[in-house]
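To keep things clear, I will list the structure first and then write my remarks on it.
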Amino acid sequence: MTNAFRQVPPSRPAAAETYVPAAAKARFISLIPDRVAELDALIEHFSTRGQAPEVLLRMAEATHKIAGTAATLGMARIGALAAKAETDLRRGLAAGTEPVALLRASRATLETLMDEMEDVFMA
């Protein structure tokens, strides 16, 4: 006997078809100036008030938040840049890389990330 009301699992949409609420994306975009300012302030703090590894850890935490949110909202390039910055910073800290050298090595990725974010905000 066949059950006409058998539960059928819903099909999963392809990644490109994933629904992203417009309000969530708009909110993320509206917060871009704050996120960029936070990263700029951390870089400035590190450069002018002492090269403490804790500041680099705060940069890694900030980029982690950006990476997850951007990727979820379909902003793959921003998500990938933020994830790279986070990974580079965390690996460097774990390896005991000298803080100034670590920021120097991560700076291009951080700058590109901030530029990409600003481009999205201005679009």
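The values are calculated or read from the model by the stated rules, or taken from the named source; none is laboratory data. Note that this is a predicted model, so its numbers are computed, not measured. When we count neighbours, we look across all protein chains shown, and the Cβ atoms used for this are built from the backbone with ideal geometry, even at glycine.
Numerical summary
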| quantity | calculated |
| --- | --- |
| Subset of the stretch 75-105 that is surrounded by 14 or more Cβ atoms within 10 Å (Cβ to Cβ) and touching a residue at least 40 places away in the same chain (Cβ under 8 Å) - its residue that is farthest from residue 23 (Cα to Cα) | 99 |
| Residue check for residue 115: surrounded by 14 or more Cβ atoms within 10 Å (Cβ to Cβ) and not aliphatic (A, V, I, L, M) | no |
| Count of the stretch 78-123 residues which are within 18 Å of residue 58 (Cβ to Cβ), β-branched (Val, Ile, Thr) and in a helix (DSSP H, G or I) | 3 |
| Filtered residue count, the stretch 6-44, keeping only those that are modelled with pLDDT of 95 or more, among the basic types (Lys, Arg) and exposed (fewer than 10 other Cβ atoms within 10 Å of the Cβ) | 0 |
| Qualifying residue in the stretch 46-62 (condition: buried (at least 18 other Cβ atoms within 10 Å of the Cβ), closer than 17 Å to residue 121 by Cα and out of contact with any Asp or Glu (no Cβ under 8 Å at 6 or more places or on another chain)) | no |
| Candidate set from the stretch 22-68 (those that are hydroxyl-bearing (Ser, Thr, Tyr) and under 25 Å from residue 102 (Cα atoms)); member that is farthest from the chain's Cα centre (by Cα) | 48 |
